[in-house]
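Bear in mind these aren't lab numbers, they're just calculated from the coordinates by the rules spelled out. Note that this is a predicted model, so its numbers are computed, not measured. Here the Cβ is made from the backbone with ideal geometry for all residues, glycine too, and neighbour counts use every protein chain on show.
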């Protein structure tokens, strides 16, 4: 086992935290398949992610990318024709669930759930169809675009958000005006009036593509809980505002332990600190004009 500092991932921010979760999920999947030691995740006081890895540093990005790409056939075949989680119906959701491999059911539950005849999407979904951004379609686009170097940069370098889709790739994948984003980054929502250029006539979108990809498997750890107004685990809903909560810990934790920390919430600081938790954060998903959703910057809870 090697202890690797992931300099690129700052867990104090929602997007960074979900990228850390996705990294752990992918590495745990690889370790189980290859019968390797179980990986563990922790964070430094400044939020930097640290992972105890059974994979050497120079092999980490290729291993994670290989596991990431195993999600693409599911998105393209089982979820074919679906653009966003709200496109599920009771009949197609139940059919997809019956036909899904056991290891894909957690991912499906992280996208949406059905309560009666009503579909509830993940409250981590901000790509809800506005501005041609649809969460499931964006996941497909991201996984078709991402390469080893993008993952390496997201893990080990300070995020520069410098990636833009090459023209040939945009044409090859028929992206049109779609952007490869899960819309977890507050900077994705830049008010029209404050932009230098007209977003309808220019393509100046930049992102950290590897981090977008690493956040995708994090949905497998965050199911949508079926209740009257369903929300994703670790979220609360008040009218149109949804708030997601998470903690950071300095004791290396396995995937099941991380899942239990997430699902427990952040409401009992004295208990959490006994488990190695040293800070808690929240981020609001807010609704703008014409139903457009975005995530606000994170706030410290304690």
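With 0.36 nm allotted per residue and the present C-alpha distance subtracted, the residue 36-residue 118 stretch has 25.3 nm of extension available.
Against the set (1) 27, 23, 21; (2) 31, 25, 18; (3) 55, 25, 16, the structure's computed semi-axes √(5λ) of the Cα gyration tensor in Å falls on (1).
Could you work out how much longer the chain between residue 251 and residue 77 gets when fully extended? Use 0.36 nm per residue separation minus the Cα distance between them, nm to one decimal.
On the way: separation 174, 0.36 × 174 = 62.64 nm, distance 3.91 nm.
Result for the pair: 58.7 nm of gain on full extension.
In this rough spin-label picture, where each label sits 7 Å from Cα along the Cβ direction, the residue 44-residue 66 distance is 2.9 nm.
Using a ≥ b ≥ c from the Cα gyration tensor of the stretch 51-113 (square roots of the eigenvalues), is it rounded, prolate or oblate, where a/c under 1.5 gives rounded and otherwise the larger of a/b and b/c decides, a/b for prolate?
On the way: a/c = 2.91, a/b = 2.53, b/c = 1.15.
Here the stretch 51-113 falls in the prolate category.
Short-range pairs are left out: with C-alpha atoms under 8 Å and at least six residues apart, the relative contact order of the chain is 24 percent. Computed over the stretch 211-302, the P(r) curve from all C-alpha pair distances, binned at 10 Å from the origin, holds 14, 44, 34, 7, 1 percent per bin.
Using per-residue counts of other Cβ atoms within 10 Å, averaged over each peptide, order 247-256, 231-240 from highest down. Present the calculation step by step, with values, prior to reporting the outcome.
Numbers: 247-256: 18.1, 231-240: 16.1.
Top of the packing list down: 247-256, 231-240.
The modelled label-to-label distance for the pair residue 99/residue 148, using points 7 Å beyond Cα in the direction of Cβ, is 3.5 nm. Given axes a ≥ b ≥ c from the Cα gyration tensor, I'd like to know whether the stretch 98-155 is rounded (a/c under 1.5), prolate (a/b larger than b/c) or oblate. Because a/c hits 1.5 or more and a/b fails to exceed b/c, the stretch 98-155 counts as oblate. Quick check on the chain: helices-only [θ] at 222 nm, where DSSP H runs of length 4 and up contribute -39,500 (n - 2.57) each and the sum goes over total residues. Nearest 500, please. Estimated from H runs of four or more residues: -10000 deg cm²/dmol.
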